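Visitor: Please see the structure below; I have some questions.
The values are calculated or read from the model by the stated rules, or taken from the named source; none is laboratory data. All figures in this text were calculated on a predicted structure; none of them were measured in a lab. Don't worry about glycine lacking a Cβ; one is built from the backbone with ideal geometry, like all the others, and counts go over all protein chains shown. We work out accessible area using only protein heavy atoms, side chains counted, and drop any ligands, DNA or RNA first. Shrake-Rupley method; radii C 1.70, N 1.55, O 1.52, S 1.80 Å.
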Amino acid sequence: MPVTRRQFLLSAAAAATKPAAPRPALCLFSKHLPKLDYDALGRQVREFGFDGVDLTVRPGGHVLPENAARDLPRAAEAIRSHGLSLPMVTTALTSASDPAARPILSTAAGLGIPFFKLGYWYYRSPDVERTLAETKRDVEALAGLAKEYGIAAGFHNHSDDYVGAPVWDIRDIIANLDPRWIGYYFDPCHAVAEGGVAGWHIALRLALPRLKMVALKDFYWEKRGGRWEMIMCPLGEGMVEWPKFFSMLAAAKYTGPISLHLEYEPKDELAAIAHDLAFMRKQVAAAY
(Lines give C-alpha, C1' and ligand atoms only; values in the text may rest on other atoms or scores of the structure.)
Protein backbone atom coordinates (compact mmCIF):
# COMPACT_ATOMS: atom_id res chain seq x y z
CA MET A 1 0.00 0.00 0.00
CA PRO A 2 1.27 3.54 -0.67
CA VAL A 3 2.81 5.36 2.29
CA THR A 4 1.16 8.67 3.15
CA ARG A 5 3.22 11.77 3.86
CA ARG A 6 2.08 11.65 7.49
CA GLN A 7 3.21 8.02 7.86
CA PHE A 8 6.55 8.85 6.29
CA LEU A 9 7.12 11.78 8.67
CA LEU A 10 6.14 9.72 11.70
CA SER A 11 8.53 6.93 10.65
CA ALA A 12 11.34 9.41 10.07
CA ALA A 13 10.75 11.03 13.46
CA ALA A 14 10.76 7.64 15.19
CA ALA A 15 14.04 6.72 13.50
CA ALA A 16 15.60 10.04 14.49
CA THR A 17 14.69 9.55 18.16
CA LYS A 18 15.60 5.87 18.37
CA PRO A 19 18.37 5.40 20.97
CA ALA A 20 21.78 4.57 19.55
CA ALA A 21 22.86 0.97 19.93
CA PRO A 22 25.23 0.42 22.89
CA ARG A 23 28.87 0.59 21.92
CA PRO A 24 32.24 0.76 23.68
CA ALA A 25 33.45 3.95 25.34
CA LEU A 26 36.42 5.29 23.35
CA CYS A 27 39.01 6.61 25.79
CA LEU A 28 42.43 8.22 25.61
CA PHE A 29 45.23 6.88 27.78
CA SER A 30 46.25 9.96 29.77
CA LYS A 31 49.92 8.94 29.61
CA HIS A 32 50.07 10.70 26.25
CA LEU A 33 49.20 14.12 27.68
CA PRO A 34 51.47 14.07 30.75
CA LYS A 35 51.93 17.83 31.13
CA LEU A 36 48.26 18.76 31.27
CA ASP A 37 46.53 19.36 34.58
CA TYR A 38 43.20 17.68 35.26
CA ASP A 39 41.02 20.40 33.78
CA ALA A 40 43.20 20.89 30.71
CA LEU A 41 43.33 17.11 30.24
CA GLY A 42 39.55 16.89 30.23
CA ARG A 43 39.20 19.84 27.88
CA GLN A 44 41.72 18.46 25.38
CA VAL A 45 40.27 14.94 25.41
CA ARG A 46 36.78 16.37 24.89
CA GLU A 47 38.03 18.52 21.99
CA PHE A 48 39.42 15.41 20.31
CA GLY A 49 35.99 13.81 20.55
CA PHE A 50 36.70 10.91 22.90
CA ASP A 51 34.06 9.55 25.25
CA GLY A 52 36.30 9.25 28.27
CA VAL A 53 39.73 9.04 29.88
CA ASP A 54 41.89 6.11 30.95
CA LEU A 55 43.62 7.88 33.83
CA THR A 56 47.10 6.98 35.09
CA VAL A 57 47.16 6.45 38.86
CA ARG A 58 50.70 5.19 39.21
CA PRO A 59 54.24 6.49 39.80
CA GLY A 60 54.84 9.37 37.38
CA GLY A 61 51.17 9.41 36.36
CA HIS A 62 48.52 12.10 36.51
CA VAL A 63 47.60 10.93 40.01
CA LEU A 64 50.43 9.73 42.22
CA PRO A 65 49.50 6.57 44.16
CA GLU A 66 50.37 8.08 47.53
CA ASN A 67 48.03 11.01 46.83
CA ALA A 68 45.13 9.02 45.38
CA ALA A 69 42.67 9.71 48.22
CA ARG A 70 43.18 13.45 47.77
CA ASP A 71 43.84 13.88 44.06
CA LEU A 72 41.75 11.23 42.34
CA PRO A 73 38.46 12.93 43.32
CA ARG A 74 39.83 16.23 41.98
CA ALA A 75 40.84 14.60 38.73
CA ALA A 76 37.48 12.84 38.36
CA GLU A 77 35.54 16.04 38.97
CA ALA A 78 37.60 18.02 36.45
CA ILE A 79 37.43 15.34 33.74
CA ARG A 80 33.71 14.75 34.17
CA SER A 81 32.99 18.47 34.10
CA HIS A 82 33.79 18.31 30.37
CA GLY A 83 31.13 15.69 29.75
CA LEU A 84 33.59 12.79 29.74
CA SER A 85 33.38 9.44 31.47
CA LEU A 86 36.10 7.97 33.66
CA PRO A 87 35.56 4.23 33.22
CA MET A 88 39.03 3.03 34.20
CA VAL A 89 42.30 3.89 35.89
CA THR A 90 45.68 2.43 35.08
CA THR A 91 47.66 1.42 38.16
CA ALA A 92 50.96 -0.29 38.87
CA LEU A 93 49.47 -2.49 41.60
CA THR A 94 51.02 -5.96 41.91
CA SER A 95 50.44 -6.58 45.62
CA ALA A 96 47.51 -6.14 47.95
CA SER A 97 50.04 -5.15 50.64
CA ASP A 98 51.13 -2.09 48.64
CA PRO A 99 50.31 0.87 50.93
CA ALA A 100 48.59 2.60 48.01
CA ALA A 101 46.35 -0.34 47.07
CA ARG A 102 43.46 0.31 49.45
CA PRO A 103 43.41 4.11 49.03
CA ILE A 104 43.43 3.78 45.22
CA LEU A 105 40.74 1.12 45.01
CA SER A 106 38.46 2.51 47.70
CA THR A 107 38.64 6.01 46.26
CA ALA A 108 38.14 4.87 42.65
CA ALA A 109 35.20 2.65 43.61
CA GLY A 110 33.67 5.45 45.67
CA LEU A 111 33.84 7.70 42.61
CA GLY A 112 31.97 5.13 40.52
CA ILE A 113 34.98 4.11 38.42
CA PRO A 114 34.22 0.50 37.43
CA PHE A 115 37.62 -0.82 36.28
CA PHE A 116 41.32 -0.68 37.09
CA LYS A 117 44.34 -2.09 35.30
CA LEU A 118 46.78 -4.20 37.27
CA GLY A 119 50.54 -3.70 37.17
CA TYR A 120 53.00 -6.17 35.63
CA TRP A 121 54.78 -9.34 36.64
CA TYR A 122 57.83 -10.67 34.76
CA TYR A 123 59.55 -13.94 33.91
CA ARG A 124 62.84 -12.98 35.56
CA SER A 125 63.39 -16.38 37.11
CA PRO A 126 64.13 -19.51 35.05
CA ASP A 127 61.48 -21.27 37.17
CA VAL A 128 58.32 -20.57 35.14
CA GLU A 129 56.02 -22.57 37.39
CA ARG A 130 57.21 -20.67 40.46
CA THR A 131 56.68 -17.32 38.73
CA LEU A 132 53.14 -18.28 37.75
CA ALA A 133 52.37 -19.49 41.28
CA GLU A 134 53.67 -16.25 42.82
CA THR A 135 51.73 -14.12 40.34
CA LYS A 136 48.59 -16.14 41.00
CA ARG A 137 48.94 -15.54 44.72
CA ASP A 138 49.35 -11.78 44.20
CA VAL A 139 46.43 -11.53 41.78
CA GLU A 140 44.15 -13.53 44.06
CA ALA A 141 44.82 -11.07 46.89
CA LEU A 142 44.22 -8.06 44.63
CA ALA A 143 41.00 -9.63 43.34
CA GLY A 144 39.94 -9.93 46.96
CA LEU A 145 40.45 -6.20 47.44
CA ALA A 146 38.59 -5.54 44.19
CA LYS A 147 35.62 -7.51 45.51
CA GLU A 148 35.78 -5.75 48.87
CA TYR A 149 35.53 -2.31 47.26
CA GLY A 150 33.42 -3.20 44.22
CA ILE A 151 35.79 -2.39 41.36
CA ALA A 152 36.89 -4.91 38.69
CA ALA A 153 40.52 -5.58 37.76
CA GLY A 154 41.88 -6.19 34.27
CA PHE A 155 45.04 -8.24 33.55
CA HIS A 156 46.89 -6.87 30.50
CA ASN A 157 48.48 -9.24 27.98
CA HIS A 158 51.79 -7.52 27.18
CA SER A 159 54.30 -9.23 24.89
CA ASP A 160 57.95 -10.02 25.67
CA ASP A 161 58.94 -11.41 29.09
CA TYR A 162 55.76 -10.28 30.86
CA VAL A 163 53.60 -12.79 32.67
CA GLY A 164 50.44 -12.82 30.58
CA ALA A 165 52.22 -12.35 27.26
CA PRO A 166 50.58 -15.62 26.20
CA VAL A 167 46.94 -15.10 27.17
CA TRP A 168 46.81 -18.70 28.43
CA ASP A 169 48.93 -17.48 31.38
CA ILE A 170 46.14 -15.16 32.43
CA ARG A 171 43.54 -17.87 32.05
CA ASP A 172 45.52 -20.12 34.41
CA ILE A 173 45.95 -17.30 36.93
CA ILE A 174 42.35 -16.07 37.08
CA ALA A 175 40.31 -19.16 36.15
CA ASN A 176 39.10 -19.88 39.69
CA LEU A 177 38.58 -16.25 40.73
CA ASP A 178 35.23 -14.47 40.67
CA PRO A 179 34.76 -13.13 37.09
CA ARG A 180 32.86 -10.13 38.46
CA TRP A 181 36.06 -8.76 39.96
CA ILE A 182 38.92 -9.97 37.75
CA GLY A 183 39.15 -10.42 34.00
CA TYR A 184 41.10 -9.54 30.89
CA TYR A 185 42.46 -6.21 29.69
CA PHE A 186 42.89 -7.40 26.11
CA ASP A 187 45.49 -5.92 23.77
CA PRO A 188 45.18 -7.16 20.16
CA CYS A 189 48.56 -5.73 19.19
CA HIS A 190 50.45 -7.79 21.75
CA ALA A 191 48.17 -10.77 21.12
CA VAL A 192 49.17 -10.71 17.44
CA ALA A 193 52.85 -10.35 18.33
CA GLU A 194 52.70 -13.40 20.61
CA GLY A 195 50.01 -15.44 18.84
CA GLY A 196 50.60 -14.88 15.14
CA VAL A 197 48.03 -15.59 12.45
CA ALA A 198 45.48 -17.56 14.47
CA GLY A 199 46.69 -17.33 18.05
CA TRP A 200 45.40 -13.79 18.59
CA HIS A 201 41.77 -14.50 17.77
CA ILE A 202 41.81 -17.79 19.68
CA ALA A 203 43.11 -15.76 22.64
CA LEU A 204 40.35 -13.18 22.15
CA ARG A 205 37.69 -15.89 22.10
CA LEU A 206 39.14 -17.15 25.38
CA ALA A 207 39.03 -13.66 26.89
CA LEU A 208 35.63 -12.44 25.67
CA PRO A 209 33.44 -14.04 28.37
CA ARG A 210 35.24 -12.03 31.05
CA LEU A 211 36.63 -9.12 29.04
CA LYS A 212 36.81 -5.93 31.12
CA MET A 213 38.83 -3.44 29.07
CA VAL A 214 40.62 -3.16 25.70
CA ALA A 215 43.89 -1.42 24.76
CA LEU A 216 44.46 -0.34 21.14
CA LYS A 217 47.79 -0.01 19.39
CA ASP A 218 49.33 -1.41 16.20
CA PHE A 219 52.70 -2.72 14.99
CA TYR A 220 54.61 -4.57 12.28
CA TRP A 221 57.77 -6.67 12.29
CA GLU A 222 60.94 -5.22 10.79
CA LYS A 223 64.46 -6.58 10.66
CA ARG A 224 66.96 -4.12 12.15
CA GLY A 225 70.60 -4.87 12.78
CA GLY A 226 70.08 -8.52 11.99
CA ARG A 227 67.18 -9.05 14.39
CA TRP A 228 63.41 -8.76 14.11
CA GLU A 229 61.80 -5.97 16.11
CA MET A 230 58.26 -4.83 16.85
CA ILE A 231 57.82 -1.43 15.20
CA MET A 232 54.88 0.44 16.68
CA CYS A 233 52.79 2.44 14.20
CA PRO A 234 49.46 4.28 13.73
CA LEU A 235 46.30 2.20 13.85
CA GLY A 236 45.60 0.53 10.53
CA GLU A 237 49.21 0.60 9.32
CA GLY A 238 50.31 -2.56 11.07
CA MET A 239 49.49 -6.24 11.38
CA VAL A 240 46.36 -6.19 13.54
CA GLU A 241 43.25 -7.37 11.66
CA TRP A 242 41.02 -4.56 12.87
CA PRO A 243 37.75 -5.40 11.05
CA LYS A 244 37.86 -8.95 12.42
CA PHE A 245 38.81 -7.75 15.88
CA PHE A 246 35.96 -5.24 16.12
CA SER A 247 33.46 -7.65 14.59
CA MET A 248 34.33 -10.13 17.36
CA LEU A 249 33.82 -7.45 20.01
CA ALA A 250 30.48 -6.47 18.50
CA ALA A 251 29.31 -10.08 18.22
CA ALA A 252 30.05 -10.48 21.94
CA LYS A 253 28.17 -7.22 22.66
CA TYR A 254 31.22 -5.74 24.35
CA THR A 255 30.51 -2.18 25.56
CA GLY A 256 33.35 -1.58 28.01
CA PRO A 257 36.17 0.96 27.67
CA ILE A 258 38.59 0.92 24.74
CA SER A 259 41.78 2.83 25.55
CA LEU A 260 43.91 4.34 22.78
CA HIS A 261 47.69 4.02 23.23
CA LEU A 262 50.29 5.67 20.99
CA GLU A 263 53.45 3.67 21.49
CA TYR A 264 55.05 5.06 18.32
CA GLU A 265 56.70 8.49 18.22
CA PRO A 266 54.83 10.80 15.82
CA LYS A 267 56.18 14.22 14.93
CA ASP A 268 52.82 15.75 15.82
CA GLU A 269 51.29 13.79 18.69
CA LEU A 270 48.01 15.71 18.73
CA ALA A 271 47.46 15.06 15.01
CA ALA A 272 48.35 11.39 15.56
CA ILE A 273 45.80 11.09 18.36
CA ALA A 274 43.11 12.64 16.15
CA HIS A 275 44.04 10.27 13.30
CA ASP A 276 43.85 7.17 15.49
CA LEU A 277 40.57 8.25 17.05
CA ALA A 278 39.03 8.68 13.59
CA PHE A 279 40.21 5.16 12.75
CA MET A 280 38.69 3.79 15.97
CA ARG A 281 35.37 5.48 15.30
CA LYS A 282 35.25 4.11 11.75
CA GLN A 283 35.88 0.57 12.95
CA VAL A 284 33.29 0.80 15.73
CA ALA A 285 30.70 2.26 13.35
CA ALA A 286 31.26 -0.55 10.84
CA ALA A 287 31.11 -3.32 13.45
CA TYR A 288 28.39 -2.03 15.77
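Visitor: Kirkwood hydrodynamic radius of the stretch 47-156 from all distinct Cα pairs, in Å?
Guide: This gives a value of 14.5 Å.
Visitor: Over the heavy atoms of residue 275, what accessible area does a 1.4 Å probe trace out, to the nearest 10 Å²?
Guide: So the heavy atoms of residue 275 present about 90 Å² to solvent.
Visitor: Further, regarding this structure: Magnitude of the Cβ-charge dipole of the stretch 137-288, K/R +1 and D/E -1, about the Cα centre, nearest 20 debye?
Guide: 600
Visitor: Pop out the ³J(HN,Hα) list for the stretch 46-63 in order, Karplus 6.51 cos²θ - 1.76 cosθ + 1.60 with θ = phi - 60°, rounded to Hz; leave Gly and Pro as x.
Guide: Result, rounded to whole Hz: 5, 5, 5, x, 6, 8, x, 10, 9, 8, 6, 10, 7, x, x, x, 5, 10.
Visitor: How many angstrom separate the Cα center of the stretch 71-130 from the Cα center of the stretch 131-148?
Guide: 14
Visitor: State the volume of the convex hull built on the alpha-carbon positions of the stretch 104-211, expressed per residue in Å³ and rounded to an integer.
Guide: Expressed per residue, the convex hull around the Cα atoms of the stretch 104-211 is 93 Å³.
Visitor: Hey, what do the phi angles of the stretch 138-151 turn into as Karplus ³J(HN,Hα) couplings, whole Hz, using 6.51/-1.76/1.60 and θ = phi - 60°, x for Gly and Pro?
Guide: Per residue, the Karplus-derived 3J(HN,Hα) values read 5, 5, 4, 5, 5, 5, x, 5, 4, 5, 4, 9, x, 9 Hz.
Visitor: Just to be sure I understand: of the beta bridges DSSP finds with both ends in the chain, what percent are antiparallel, rounded to 5? Don't skip to the end; give the middle numbers.
Guide: Values: 8 of 36 bridges.
Percentage antiparallel, nearest 5: 20.
Visitor: Also, I was wondering about something else. Beyond 13 Å, what percent of the Cα pairs of the stretch 141-181 remain?
Guide: For the stretch 141-181, the fraction of Cα-Cα distances above 13 Å is 53 percent.
Visitor: Residue 221 versus residue 284, label points 7 Å from Cα toward the beta carbon: distance in nm?
Guide: Going by the 7 Å Cα→Cβ label model, 3.2 nm.
Visitor: Putting +1 on Lys and Arg Cβ atoms and -1 on Asp and Glu Cβ atoms, find which of 193, 207, 167 reaches farthest to the positive end of the dipole of the stretch 139-288.
Guide: Farthest along the dipole direction, towards plus: 207.
Visitor: Tell me, what is the 1.4 Å probe accessible area of residue 194, in Å² to the nearest 10?
Guide: Its accessible surface works out to 90 Å², give or take rounding.
Visitor: Could you pull the Rg and Dmax for the stretch 221-270, using just the Cα atoms, both in Å?
Guide: So, for the stretch 221-270, Rg and Dmax equal 14.5, 44 Å respectively.
Visitor: Over the stretch 15-106, what lengths in whole Å, largest first, do the semi-axes of the equivalent ellipsoid take, defined as the square roots of 5 times the eigenvalues of the alpha-carbon gyration tensor?
Guide: 27, 15, 11
Visitor: Another question, if that's okay. Considering the dipole of the chain built from charges on the beta carbon (Lys and Arg +1, Asp and Glu -1) around the Cα centre, which of 288, 233, 219 is farthest to its positive end?
Guide: Farthest towards the positive pole: 288.
Visitor: Can you find, among 104, 242, 154, the residue sitting farthest towards the positive end of the charge dipole of the chain, where Lys and Arg contribute +1 and Asp and Glu -1 at Cβ?
Guide: Sorting the options by dipole projection puts first 242.
Visitor: Over the chain, calculate the relative contact order: mean separation of alpha carbon pairs under 8 Å at least 6 apart, over the residue count, as a percent.
Guide: Details: 495 pairs, mean separation 46.0, N = 288.
Normalised by residue count, the contact order of the chain is 16 percent.
Visitor: Additional query: Radius of gyration and Dmax for the stretch 194-288's Cα atoms, expressed in Å?
Guide: Both quantities, over Cα of the stretch 194-288: 14.2, 44 Å.
Visitor: Taking K and R as +1 and D and E as -1, what net charge do the other residues with C-beta under 14 Å from the C-beta of residue 109 add up to?
Guide: Net local charge, residue 109 excluded: +2.
Visitor: Still on this structure: Work out the length of the dipole vector of the chain about its Cα centre, built from +1 on the beta-carbon of each Lys and Arg and -1 on the beta-carbon of each Asp and Glu, and round it to the nearest 20 debye. Kindly include the intermediate steps, with their values, before the conclusion.
Guide: Numbers: 33 positive and 32 negative charges, 249 e Å.
Dipole size: approximately 1200 debye.
Visitor: Provide Rg and Dmax in Å for the chain, with only Cα atoms included in the calculation.
Guide: In order Rg, Dmax, the Cα atoms of the chain give 20.2, 76 Å.
Visitor: Can you give the calculated 222 nm mean residue ellipticity of the chain, where each DSSP H run of n ≥ 4 adds -39,500 (n - 2.57) and the sum is split over every residue, rounded to the nearest 500 deg cm²/dmol?
Guide: Details: 9 runs with 126 residues, N = 288.
Per the formula, -14000 deg cm²/dmol.
Visitor: When only DSSP loop residues count, what trypsin sites (Lys or Arg not before Pro) in the stretch 19-62 have their Cβ near at most 12 other Cβ atoms within 10 Å?
Guide: Here the sparse-neighbourhood loop sites are 35.
Visitor: Let me ask something else. If I take every Cα pair under 8 Å that is 6 or more residues apart in the stretch 163-230, average their sequence separation and divide by the length, what percent do I get for the relative contact order? Write out the running numbers ahead of the final one.
Guide: On the way: 67 pairs, mean separation 20.9, N = 68.
For the stretch 163-230, the relative contact order is 31 percent.
Visitor: Also, quick follow-up: Using Cα-Cα distances under 8 Å and only pairs 6 or more residues apart, what relative contact order does the stretch 207-258 have, in percent?
Guide: Values: 53 pairs, mean separation 21.1, N = 52.
After rounding, I find 41 percent.
Visitor: From the Cα trace of the stretch 108-168, what convex hull volume per residue do you get, rounded to a whole Å³? Working shown, then result.
Guide: On the way: hull volume 4.7 nm³, N = 61.
It is 77 Å³ per residue.
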